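The values are calculated or read from the model by the stated rules, or taken from the named source; none is laboratory data. Only a predicted model underlies this, so the values are computations on that prediction, with no experimental measurement involved. All Cβ positions, glycine included, derive from the backbone under ideal geometry; neighbour counts span all protein chains shown. Note: areas computed on protein heavy atoms with side chains; ligands, DNA, RNA excluded. Shrake-Rupley method; radii C 1.70, N 1.55, O 1.52, S 1.80 Å.
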Amino acid sequence: MKILCLLMSSTLVFAQYKGLPDWAADALNASTTVSKPKADIWRILDETRITVEKGSLFTERRLVQLVLNERGSEEAAIFLADGTEGSRKILKLKGWHLKPSGALNKLDRDNVVTIGEANYHEITYDTTTLAYFDHVSKGSIIVFQSREQESSFLGPLANIPVVSGVPILKRTIRLEPDASNKFDLYPRQFEAWGLDAAISTGTITVHNVPALDDDTLLPWRSDHYPSVMIKGRASQESEDRYQTWDHLARWYHKLFITASGISETASTTSVDMETLKQSLNELQTKVRYKQVYLDSSRSWTPSAGDEVMRRAYGDCKDMVACLARSGGSNFRVTPALANIENGPDVGPDDLVYPAFNHLIAAIRLPQSLGLASEIEIDNELYLLIDPTAKDTALGKLPFTFRNRQVMICQAEGARWVLVPDSALEAGEVTVKLTGTLDLNKTLVGSIDVLESGNVHGLRTASRAFNDRDIQDLVRDALDLPPVVRLSNGAHRVTDTGDAKLTYQVYWPSFLARDADGFRLPSAIVQGARWTLTKGDESRYAPVAFRGFPKTTWSLDIHSETLLRPGQAEFKWESETRSFNWQCDAQSRLKLIFELQGQEKVFLDQADREAGEEAWRDYRQNYNAFFKNVAILRAI
């Protein structure tokens, strides 16, 4: 009798999911015994299957989601897939929408849109395909299935993310039999995020993956998040490059030298400073930075230096090739792979994969030229140059190289070096506000911005953008509210490579009243800091303090209201954050406020408590400063 009841129950469950693929019905059936999470969407199944045919990687994605609240309807209704002409194709895309009423809709071609990703700075065939369902609501079940083919210049290689913005009941990455004897799976950062994975031959499965909430201090680099790297075994020549970093460096050195058309016979007995300056100046004057990626090989393969000079544009590797060409017999250029901005933070001890987003030049020096970006490796001296940084002085690197390692690619193998702070431009911003503050607390005056190191891109914008775009970038960099009016703008790049911008400013409600007095705008002094978690909840994600350049606000404002600060001076500093307040006010508000952030990521579970304590310490001191010091009271 019990067996009969179980069979009847199973039949009813599968009848409820009639019309859906069997694998989706199985996943939904298994979820009925699990408590629903507190979320808007519950991803019941997220599965990636990998197959290999004739050297091409085929990926099948299976997704099953249940809408728990109306707020999740729009997000659950959408499926995204990337594509690139000639290298990444979407072969199949299916979808099913099981409504709460029991009615079933299948994905219609009219609800599939493909959008190109080319823009002013990058010409590419990359696309994003979006599939969506209409009339999704609470109780809807959304199922998507895609099959994609990738024939990458970098070989069959993939990095598949594990976590998402929604909770996942079952996340699986699986190598099909034809791929399991050719590839290996490498779980990354699972332990750091506390994920307990079931790992067997060719399969990694994680259950009950928490949602990646929009928490404070989340990591910003992709390599800090859990993922599974799929790498081919070294059985073919094209796969040998990923055995070690030395293999990858030798492979790229050969590729660069061959494609750029340069000779390796340049003398290294002497390097003339003036010749080097002239070559770099000619390159940066004649060639403008522009990315043109019309096939997958172009992301790694440079054009010949002569061709780049002829067409007068190129990207980072093209410009390094140009510098090598112009060096001729005077100096020898070796390619150095790097990561800047949000690129992965990789080094010699990390898993080998093509984890770079930038290329610079390394020039072997027989003797020092006395420049800051000279580095010594194994008793050999190299000068690092970024040809794309037009306004960066020779002997310096842009601020975006801070705390980054570069891999010099020699014929003999890889040479890693950590870029020292002494080799970097000073990355900081100074903002001066002058004018008059009336009784309505409206500021009328001028604002002067001085940016060193192109930390917000203002220097680049001053060279290439129109006035309106530059003003929008200034607003974004300084977090100016929409009510602020900027006019009569002037901008230039100084002889020292700094961006200098000046505007007339009209700033209503410059001072805002609260229970204790008047507050400065949040663009100058940000509000109180919040807790990392809600209530007694434990921290799931690593604690990542993002670095930001030193920003100094200098105010000299005549005020029609007599004011006094909560405290004239206050200074606080830790390993990750520092701020300094100096204020004198009566009829004239004079203020200097400095704020700076150092990058530090508490990634591992063992470091999580130290990261939370670092935030608590900063929060306690900053909030005390905000409440008692950064306040202006009428006299």
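With all protein chains present and a 1.4 Å probe, how do Tyr132, Tyr622 order by accessible area, largest first? Intermediate results must be reported in sequence, preceding the final value.
Values: Tyr132 70, Tyr622 0 Å².
Sorted by accessible area, descending: Tyr132, Tyr622.
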*Distance between modelled label sites at Asp26 and Asp213, nm, 7 Å Cα→Cβ extension*: 3.4 nm
*Work out from phi, with θ = phi - 60° and the Karplus expression 6.51 cos²θ - 1.76 cosθ + 1.60, the ³J(HN,Hα) of each residue of the stretch 310-315, listed in order in whole Hz, and give x for Gly and Pro.*
5, 7, 6, 8, x, 9
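Find the Cα radius of gyration of the stretch 12-232, compare it with 2.2 N^0.38 Å by division, and give the number to two decimals.
Values: Rg = 17.7 Å, N = 221, 2.2 N^0.38 = 17.1 Å.
Normalised by 2.2 N^0.38 Å, the Cα Rg of the stretch 12-232 equals 1.04.
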*Taking the Cβ-Cβ separation of Ser487 and Asp178 as r and a Förster radius of 60 Å, what is the calculated FRET efficiency to the nearest 0.05?*
0.40
*Expressed in nm to one decimal, what extension gain is obtained for the pair Asp196 and Glu573 from 0.36 nm per residue of sequence separation less their Cα-Cα distance?*
132.0 nm
*Determine which aspartates and glutamates satisfy two conditions relative to Lys54: a Cα distance under 17 Å, and not lying fewer than 8 residues away in the same chain.*
Glu148, Glu150, Glu176, Asp178, Glu237, Glu239
*Provide the solvent-accessible area of Cys583, counting protein heavy atoms only and rolling a 1.4 Å probe, rounded to the nearest 10 Å².*
10 Å²
*Taking a 1.4 Å probe, which of Lys290, Lys277, Lys138, Lys571 shows the most accessible area, and what order do the others take after it?*
Lys571, Lys138, Lys277, Lys290
*Treating the Cα atoms of the chain as identical point scatterers in vacuum, please give the log10 of the normalised Debye intensity I(q)/I(0) at q = 0.10, 0.12 Å⁻¹, two decimals.*
-1.13, -1.39
_Just the number please: accessible area per residue for the stretch 335-429, 1.4 Å probe, all protein chains included, in Å²._
36 Å²
*asked:* How large are Rg and Dmax for the stretch 531-635 when calculated on the C-alpha trace, in angstrom?
replied: 17.2, 55
*Pull out a ≥ b ≥ c, the square roots of the eigenvalues of the alpha-carbon gyration tensor of the stretch 245-425, then state rounded if a/c is under 1.5, prolate if not and a/b is larger than b/c, and oblate in the remaining case.*
rounded
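For the full complex of protein chains and a 1.4 angstrom probe, list Met309, Met319 by accessible area with the highest value first.
Met309, Met319
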*Could you tell me the accessible area of His247 in Å² (1.4 Å probe, neighbours in place), rounded to the nearest ten?*
50 Å²
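Full extension from Leu439 to Tyr540: what is 0.36 nm times the residue separation minus their Cα-Cα distance, to one decimal in nm? Please report the intermediate quantities before stating the final value.
Working: separation 101, 0.36 × 101 = 36.36 nm, distance 4.84 nm.
Going from the current span to full extension adds 31.5 nm.
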*Roughly to the nearest percent, how much of the accessible area of the chain is carbon and sulfur, given a 1.4 Å probe?*
47 percent
